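Undergrad: Here it is, the structure in full.
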Amino acid sequence: MGGNVTEKVATRDAYGDALVSLGKKRNDVVVLDADLSGSTKTSKFAKVFPDRFFNIGIAEQDMMGTAAGLAIGGKLPFVSTFAVFATGRAWEQVRQSICYPNLNVKIVASHSGVTVGEDGGSHQSVEDIAVMRVIPHMTVIVPADGPETLQAIEAAAEYKGPCYVRVGRSKVPTLFGADYKFKIGKAHVFNEGKDAAIIATGIMVAEALRARDLLKAEGIDVGVIDMATIKPLDTDAVLAAAKRCGAIVTAEEHSIIGGLGGAVAEALVESVPVPMARIGIKDTFGTSGDQEALLKHYGLSAGDLATAVKEVIKKKR
Amino acid sequence: MIQEDWFMAVTEEELKSLREKARRVRIDILKMLTECGSGHTGGSLSATDIVTALYFYKMKYDPKRPDWKERDNFILSKGHAAPVLYTALAHAGFIEHAELCTLRKLGSRLQGHPDSKCMPGVEISTGSLGQGLSVANGLALAHKLDKSSNRVYALLGDGELQEGQIWEAAMTAAHYKLDNICALVDNNGLQIDGPVEKVMGVEPITDKWRAFGWEVFDIDGHDMAAITAALDKAETVKGKPTMIICRTVKGKGSKVFEGKVEFHGTTPSKEELDIAMKELSGETVCK
């Protein structure tokens, strides 16, 4: 397992399939969308279970509240729209009507990060992890590929309480096999490494694995950790990597402020302060472009990661 | 007002007892607010007759089993009127009367705004305005899926209608034909900064709700006969949600508070309480 790129699946597609299989197993599952079901892939569920699908129209705030009511009424609501709207437009409804009363609502937002692509900065969410992570009671999950998405959705359904699951628009390499078992709050260590460790989330896990292979050719042994759950953070895995490698690089398709990099920095600075670099969007908005060009433009490619690793190793004492 | 075709199921005796209950609820609200020294007096008193009719005439619930599946749901979307809800819950048997005295104190279940995590009988935490009707819609959809006959009641403020989410929810309720929802507006005409029509006008309220596809009744929100009749009538409406616009007086119950905007978020002094108690000829709850 690890870095074996055989097929490419968008995590939003995996989400749509996961919903259908969940809907077959549990008749308390209901799905809400705000006029983006074709894009978020909740349309797959709507097609099979029209009576359990509610299109709320372009009204994200109302959608969050409606989901809260369905949860009180004993249903298991999955709520979807683009990440920027789910977490931005409706942030206070998520806080007040879902997290404050600690309701069992699953928010699964697609079109996260800059790989939304051509739609541009208005639609590219680079703040969603930060603004969801800060809300008490909220669990934040960012799957790396199709199989991990499927498992994350199943785990979120089993877990009682609010969850935010971030999926993406673009196709990403499949990293995990059928034997993989995702657990909320548990990091997956691809390899431990010796010289530094990359802690990555979402689509950046594949880039991290590529960076690892690039560095291997230069004789640098880099560990790769998939931090699919950003909250609660697997602090043990972070600290173990810091102790083992003495240098950490985080990688996320999100602002370097408040997301995975922020969470890891918070954990490190309190216990095992080691040289660290945060790879992500550097406090700026997105812009139009195709996926590959954007990853390069924002310094999110495997090559950028490899450079950051070498820089951070230099800072080791 | 009560319309000619409304069937009056309530008896004179019931009305008398409901009015007496409302009087006692007002006394308890004022006592707890004076004891606490902070909280929302005006909007609790304006909603008292409505909440009394809901809890002691209309709704199905079991105080010993707040999660009873057959219960009707009440959502206080104007969460700042928590004192009237807490008092109704005490009178209904969800909590002991003595607990009312703990309002807003550290460790109390009676939070400044209702908190469903700790308070039995509170369906959902409210306080940030504009969100309760959406939650009511979700509950109503859940009941429809379950083919159960539970009804959902939501109480909104008139100032609260300035929140855009209310109108999103208004569309959703009509779109999904949620005839198991009955919403009420406590139309007391005042908000923190002054008269609603001066701050940001919401009239014509009845026309707006009708245009959004709701059945709308417009009543005197302190006329117990009208409130009970409207609640009964709402149950007969099919294929669309019902809105009852309750014309009320902020601070209703004593001349000390009535129509006074400054009592939106302030509590009575001991002297003001004494005057009000004489008008309500009351007895004490919190000591």
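Readers should treat all values here as calculations from the given coordinates under stated rules, not as data from a laboratory. Small disclaimer: the values here were computed from a predicted structure and weren't measured. Note: ideal-geometry Cβ built from the backbone for every residue, glycine included; neighbour counts use all protein chains shown.
Undergrad: At a Förster radius of 45 Å, what calculated FRET efficiency corresponds to the Cβ-Cβ distance of A:Lys25 and B:Thr236, to the nearest 0.05? Numbers along the way, then the final one.
TA: Working: r = 39 Å, r/R0 = 0.87.
Computed FRET efficiency for A:Lys25 and B:Thr236 comes out at 0.70.
Undergrad: Filter A:Lys25/A:Lys160; A:Lys183/A:Lys314; B:Lys16/B:Lys58 down to the pairs with a C-alpha to C-alpha distance above 23 Å, please.
TA: Violating the 23 Å limit, Cα to Cα: A:Lys183/A:Lys314.
Undergrad: Ok, one more. For the residues A:Met276, A:Met204, what sequence is obtained by ranking on other C-beta atoms within 10 Å, fewest first?
TA: Values: A:Met276 20, A:Met204 31.
Ordered from fewest to most neighbouring Cβ atoms within 10 Å, A:Met276, A:Met204 come out as A:Met276, A:Met204.
Undergrad: Also, quick follow-up: Take peptide B:139-149, look around each residue's Cβ out to 10 angstrom, count Cβ atoms belonging to other protein chains, and average those counts. All intermediate terms of the calculation are to be shown ahead of the outcome.
TA: Working: counts 9, 4, 11, 11, 3, 2, 10, 4, 0, 1, 0.
Mean inter-chain Cβ contacts per residue within 10 Å come to 5.
Undergrad: Moving on. Residue by residue through B:67-76, how many Cβ atoms from other chains fall within 10 Å of the Cβ on average? Provide the component values of the computation, followed by the final result.
TA: Details: counts 2, 0, 2, 0, 0, 0, 3, 0, 2, 0.
That average works out to 1.
Undergrad: Based on other C-beta atoms within 10 Å, arrange A:Glu311, B:Glu258 from fewest to most.
TA: On the way: A:Glu311 14, B:Glu258 17.
Lowest to highest Cβ neighbour count: A:Glu311, B:Glu258.
Undergrad: Output the direction-averaged projected area (hull surface divided by four) of the convex hull of the alpha-carbon atoms of the protein assembly as shown, in nm². Let's see the in-between values first.
TA: Numbers: hull surface 115.5 nm².
One quarter of the hull surface, i.e. the mean projection, equals 28.9 nm².
Undergrad: Is there a simple number for the mean count of other chain Cβ atoms within 10 Å of the Cβ of residues in A:97-107, and what is it?
TA: Numbers: counts 10, 3, 1, 9, 10, 3, 6, 0, 1, 0, 0.
Per-residue shielding by partner chains comes out at 4.
Undergrad: Something else: I need the shape label for region B:13-127. Rule: rounded when a/c is under 1.5, else prolate if a/b > b/c, else oblate, with a, b, c from the alpha carbon gyration tensor.
TA: Values: a/c = 1.60, a/b = 1.10, b/c = 1.45.
Verdict is oblate for region B:13-127.
Undergrad: Using Cα atoms only, what is the angle between the long axis of helix B:82-92 and the major principal axis of chain B, expressed in degrees (0 to 90) to the nearest 10?
TA: Roughly 90 degrees, rounded to the nearest 10.
Undergrad: So, one more: Taking N as the number of residues in region B:9-80, what value does Rg over Cα atoms divided by 2.2 N^0.38 Å take? Spell out each step's value before the answer.
TA: On the way: Rg = 13.9 Å, N = 72, 2.2 N^0.38 = 11.2 Å.
Cα-based Rg divided by the globular estimate yields 1.24.
Undergrad: By its C-alpha gyration tensor, with a ≥ b ≥ c as the square roots of the eigenvalues, how is region A:8-173 shaped: rounded for a/c under 1.5, else prolate for a/b larger than b/c, else oblate? All intermediate terms of the calculation are to be shown ahead of the outcome.
TA: Working: a/c = 1.36, a/b = 1.09, b/c = 1.25.
In terms of gyration-tensor shape, rounded.
Undergrad: Chain A: Rg/Rh from Cα coordinates, Kirkwood Rh?
TA: On the way: Rg = 18.6 Å, Rh = 19.3 Å.
We get a ratio of 0.97 for chain A.
Undergrad: Which residue fluctuates the most in chain B, going by a Gaussian network model with Cα springs under 10 Å, if the choices are B:Thr48, B:Thr172, B:Thr126?
TA: Looking only at B:Thr48, B:Thr172, B:Thr126, the largest GNM fluctuation is found for B:Thr172.
Undergrad: How would you classify region A:188-311 from its alpha-carbon gyration tensor, with a ≥ b ≥ c the square roots of the eigenvalues: rounded for a/c under 1.5, else prolate if a/b is greater than b/c, otherwise oblate?
TA: Values: a/c = 1.84, a/b = 1.23, b/c = 1.50.
Oblate, because a/c is 1.5 or more while a/b does not exceed b/c.
Undergrad: Given an 8 Å cut-off on Cα distances and at least 6 residues of separation, report the relative contact order of region A:31-130 as a percent. All intermediate terms of the calculation are to be shown ahead of the outcome.
TA: On the way: 164 pairs, mean separation 27.4, N = 100.
Relative contact order comes out at 27 percent.
Undergrad: If you don't mind, another one. For B:Lys260, go through the aspartates and glutamates and keep the ones whose alpha-carbon is under 17 Å away, minus same-chain ones fewer than eight residues off.
TA: Result set, ordered by chain and number: B:Asp158, B:Asp186, B:Asp193, B:Glu197, B:Glu271, B:Glu272, B:Glu279.
Undergrad: By count of other Cβ within 10 Å, fewest leading, how are A:Cys99, B:Cys118 ordered?
TA: Working: A:Cys99 21, B:Cys118 13.
With the fewest neighbours first, A:Cys99, B:Cys118 line up as B:Cys118, A:Cys99.
Undergrad: Longer than 25 Å from Cα to Cα, which of B:Lys144/B:Lys233; B:Lys31/B:Lys105; A:Lys47/A:Lys106; A:Lys41/B:Lys69; B:Lys105/B:Lys270; B:Lys60/B:Lys255 are they? Say none if no pair is. Walk me through the numbers on the way to the answer.
TA: Numbers: B:Lys144/B:Lys233 20 Å; B:Lys31/B:Lys105 15 Å; A:Lys47/A:Lys106 20 Å; A:Lys41/B:Lys69 33 Å; B:Lys105/B:Lys270 19 Å; B:Lys60/B:Lys255 34 Å.
Long pairs (Cα-Cα over 25 Å): A:Lys41/B:Lys69; B:Lys60/B:Lys255.
Undergrad: Show which lysines lie in cross-link reach of A:Lys315 when reach means a straight Cα distance below 17 angstrom and same-chain residues fewer than eight apart are skipped.
TA: Cross-link targets: A:Lys194, A:Lys243.
Undergrad: For region A:210-306, which trypsin sites (Lys or Arg not before Pro) pass both filters: DSSP loop (anything but H, G, I, E, B) and at most 15 other C-beta atoms within 10 Å? Present the calculation step by step, with values, prior to reporting the outcome.
TA: On the way: sites: A:Arg210, A:Arg212, A:Lys216, A:Lys243, A:Arg244, A:Arg278, A:Lys282, A:Lys296; in loops: A:Lys282.
Qualifying residues, ordered by number: A:Lys282.
Undergrad: With only alpha-carbon atoms in the gyration tensor, what are the semi-axes of the equivalent ellipsoid for region B:63-136, in Å, largest first?
TA: On the way: eigenvalues 66, 53, 18 Å².
Taking √(5λ) for each Cα gyration eigenvalue gives 18, 16, 10 Å.
Undergrad: Given only helices, namely DSSP H runs of n ≥ 4 each adding -39500 (n - 2.57), what is the per-residue ellipticity at 222 nm of chain A, to the nearest 500 deg cm²/dmol?
TA: Numbers: 11 runs with 113 residues, N = 317.
Helices in chain A give a 222 nm mean residue ellipticity of -10500 deg cm²/dmol.
Undergrad: Are there any GluC sites (Glu not before Pro) in region B:38-99 that are in a DSSP loop and have at most 10 other Cβ atoms within 10 Å? List them by number. Present the calculation step by step, with values, prior to reporting the outcome.
TA: Numbers: sites: B:Glu70, B:Glu96, B:Glu99; in loops: B:Glu70, B:Glu96.
Counting only loop positions with at most 10 other Cβ atoms within 10 Å, the GluC sites (Glu not before Pro) in region B:38-99 are B:Glu96.
Undergrad: Among DSSP bridges having both ends in region A:188-311, what percentage is antiparallel? Round to the nearest 5. Intermediate values should be presented prior to the final figure.
TA: Values: 3 of 17 bridges.
Rounded to the nearest five, the antiparallel share is 20 percent.
Undergrad: Along the charge dipole of the protein assembly as shown, pointing to its positive end and built from +1/-1 on Cβ of Lys, Arg, Asp and Glu, which listed residue (B:Phe74, A:Ile58, A:Val309) has its Cα farthest out?
TA: A:Val309
Undergrad: Further question on the same structure: Can you tell me the equivalent ellipsoid semi-axes for chain B? Use √(5λ) from the Cα gyration tensor, largest first, whole Å. Show your work: numbers first, answer last.
TA: Working: eigenvalues 151, 86, 72 Å².
Gyration-tensor ellipsoid for chain B: 28, 21, 19 Å.
Undergrad: Averaging sequence separations of C-alpha pairs under 8 Å and six or more residues apart, then dividing by the length of chain B, give the relative contact order as a whole percent.
TA: Values: 581 pairs, mean separation 74.2, N = 287.
Relative contact order of chain B: 26 percent.
Undergrad: Then there's this: Taking each full run of DSSP H in chain A as one helix, which ones are at least 20 Å long along their axis (Cα atoms) and have mean Kyte-Doolittle hydropathy of at least -1.0? Please list the in-between numbers first.
TA: On the way: long enough: A:11-25 (21 Å, -0.50).
What comes out of the filter, once short or polar helices are dropped, is A:11-25.
Undergrad: If you don't mind, another one. From Cα pairs below 8 angstrom and at least 6 apart in sequence, can you work out the relative contact order of chain A, rounded to a whole percent?
TA: Details: 767 pairs, mean separation 57.4, N = 317.
Rounded, it is 18 percent for chain A.
Undergrad: Set Lys and Arg Cβ to +1 and Asp and Glu Cβ to -1, take the dipole of chain A about its Cα centre, and tell me which of A:Val134, A:Ala46, A:Phe182 lies farthest positive.
TA: A:Phe182
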